[in-house]
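Peer 1: Here you go, one structure.
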Amino acid sequence: MTHPTTLAGWLAHCEHLHPVTIDMTLDRVAAVHARLALRFTVPVVSVAGTNGKGSSCAMLEAIALQAGYRVGLYIKPHLVHFEERCRINGDLATAESLLPHFAAVEAARGEITLTWFEFTTLAVMRALAAAPLDLVILEVGMGGRLDAVNTVDADCALITCIALDHTEYLGDTREAIGREKAGIMRPGRPVVVSDPEPPASLQARADALGADLWQLGRDFNFQGDKQQWAWRGRHQRFNSLAYPALRGANQLLNAAGVLAVFEALREQLPINAQAVRNGLAMVELPGRFQIIPGQPTLVLDVAHNPQSVAALANNLDQMGYFPVTHAVLGAMRDKDLAGLLAHLVPLVDHWYLSDLPPARAASAGELETAVLAAVQAAAGAGAQAPSAGRRTPTSRHASPDAALRAAAAAADPADRIVVFGSFYTVGGVLEHGLPRLSAPHLGP
């Protein structure tokens, strides 16, 4: 067989190797992992959870880089380009540099079938294992116990906030989902939990394994005012910290967990307060309550489940006054659409519903039906939605970019536009670069 010669070719090749998109088993990946002799000789941090994984990974990377360490990061999903998933010392891996690792996985797998996610995960991890690094950060996929990343025995695990998502695979309670996430724990090794109300299943699994569980509120904590915040752990304290550059009320939860990871690894990777301050000040992560100044203001957020959309609604409510809020929404059909829409109905005046590429995505028409139902439910509950008492303005669009263009054409300069619901939605408006909006009303 002739191997692909481009990254796009390899990604297309990976789509046809396995009959299903998601296969909740680990044996096949573990077998190929062993054939590759894939191992890390530096500390590895694995990061699981429902919400906050990406932000936590970005903070871990930023602080470690500011401390002078060489850092490799596997983060997902990507917004526009696959190379976003693999960063070495803060820079995206090039497509060319990844090709040998795809070829190595193909050679090692033999007769074993791998899903697209499993194949690409092994290729990226091999690229990181081959690089001269001091720290490797691996973001776990939707689960934990059966995720491809879990073929690696991490030196420290971080579990962020847990909510109901992917319930058809992980279970329909937080306790069940917690058990899946707890699968990344290892005996005798630290596991940091930054969820302020963790499922009991996390502690139970840690006790059964003999893992060293660090719990927010017990082993580490934070406090702050409008100007600064402070963190304390088992042995360390950091005072007079500026707020993380990533926006949003939940970012202190993520930052607190990140600092606990560094304390747990302090013998291998000591950091100082200046690295913490610089890292938190310089951290970047597109699509996480990302505010793009303009007229109108643009907000990008990959929130796609009720908990993350509730955080988005809270953050929007704290932004100040905007006469009208326009929302561009594209989402997967298997999400709790009623649950997530309930949080934003009181804030949104106009809805622009978008089709998305994946087969499991809800159509613009399905989203329109869900929005109208959510508005009606809010009105029945006595909520004061902006559109209460009149027909809810909605429109359907073939792509997120088309929906954004329609919203920008309708918006006044003082309005705001919120793009949310999926990585595909935010990625769709970033595909041709960072949008800079200028309402047509600004013309002479």
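Since every read-out is calculated from the coordinates, none of them should be taken as a lab result. A quick note: this is a predicted structure, and the numbers were derived from the prediction, not measured. Cβ sites come from the backbone with ideal geometry, for glycine too, and all protein chains shown count toward neighbours.
Peer 1: Can you list residues from other chains, or at least 5 along the same chain, whose modelled amide H is less than 5 Å from the amide H of residue 361?
Peer 2: It is 333, by chain and number.
Peer 1: Quick one: helix 200-209 against the long Cα principal axis of the chain, what's the angle to the nearest 10°, folded into 0 to 90?
Peer 2: Here the helix axis deviates by roughly 10 degrees.
Peer 1: Please report 146, 253 as a ranked list, fewest other C-beta atoms within 10 angstrom at the top and most at the bottom. Numbers along the way, then the final one.
Peer 2: On the way: 146 19, 253 22.
The most exposed by this proxy come first: 146, 253.
Peer 1: Residue 6 versus residue 436, label points 7 Å from Cα toward the beta carbon: distance in nm?
Peer 2: Result: 3.0 nm between the two label points.
Peer 1: To continue, here is another question. Counting other Cβ atoms within 10 Å of each Cβ, which trypsin sites (Lys or Arg not before Pro) in segment 265-295 have at most 15 and sit in a DSSP loop? Intermediate values should be presented prior to the final figure.
Peer 2: Working: sites: 266, 277, 288; in loops: 266, 288.
Listed in order of number, the matching sites are 266.
Peer 1: How big is the dipole moment of the chain about its Cα centre under a simple scheme where the beta carbon of each Lys and Arg is +1, that of each Asp and Glu is -1, and everything else is neutral? Debye, nearest 20, please. It would help to have the intermediate numbers written out before the result.
Peer 2: Numbers: 35 positive and 42 negative charges, 130 e Å.
It comes to approximately 620 debye.
Peer 1: Hey, another quick one. Please go through segment 323-372 and write out the trypsin sites (Lys or Arg not before Pro) that DSSP classes as loop and that have at most 16 other C-beta atoms within 10 Å. Before the final figure, lay out each step's value.
Peer 2: Working: sites: 333, 335, 360; in loops: 333, 335, 360.
Those that pass, being in a loop and sparsely packed, are 333, 360.
Peer 1: For segment 290-442, with the dipole built from +1 on Lys and Arg beta-carbon atoms and -1 on Asp and Glu ones, taken about the Cα centre, which of 420, 327, 292 lies farthest toward the positive end?
Peer 2: Value: 327.
Peer 1: Segment 253-309 to segment 354-374: how many Å between their Cα centroids?
Peer 2: Measuring centre to centre over Cα atoms gives 30 Å.
Peer 1: With Cβ to Cβ distances under 10 Å as the rule, what net charge do the other residues near residue 238 carry (K, R +1; D, E -1)?
Peer 2: Details: positive: 232, 237, 277; negative: 263.
After counting each charged neighbour, the total is +2.
Peer 1: What is the fewest-to-most order of 96, 284 by other Cβ atoms lying within 10 Å of their Cβ?
Peer 2: On the way: 96 9, 284 12.
If I rank by nearby Cβ atoms, fewest first, I get 96, 284.
Peer 1: Rounded to the nearest 20 debye, what is the charge dipole size of segment 12-63 about its Cα centre when +1 sits on each Lys and Arg Cβ and -1 on each Asp and Glu Cβ? Walk me through the numbers on the way to the answer.
Peer 2: Values: 4 positive and 4 negative charges, 33 e Å.
It works out to roughly 160 debye.
Peer 1: Cα axis of helix 400-410 to longest principal axis of the chain: angle in degrees, 0 to 90, nearest 10?
Peer 2: Helix 400-410 sits roughly 30 degrees off the main axis of the chain.
Peer 1: Another question about this same structure. Convex hull volume of the Cα atoms in segment 1-125, per residue, in Å³?
Peer 2: Numbers: hull volume 15.3 nm³, N = 125.
In segment 1-125, the Cα hull volume divided by residue count equals 123 Å³.
Peer 1: Mind checking the angle between helix 27-36 and the chain's longest principal axis? C-alpha axes, 0 to 90 degrees, to the nearest 10.
Peer 2: 60
Peer 1: Which Cα, out of 144, 161, 282, lies furthest along the positive dipole direction of segment 7-282 (beta carbon charges, K/R +1, D/E -1)?
Peer 2: 282
Peer 1: Taking the number of other C-beta atoms within 10 Å as the exposure measure, put 162, 271, 22 in order starting with the fewest. Spell out each step's value before the answer.
Peer 2: Working: 162 27, 271 21, 22 16.
By the 10 Å Cβ count, ascending, the order reads 22, 271, 162.
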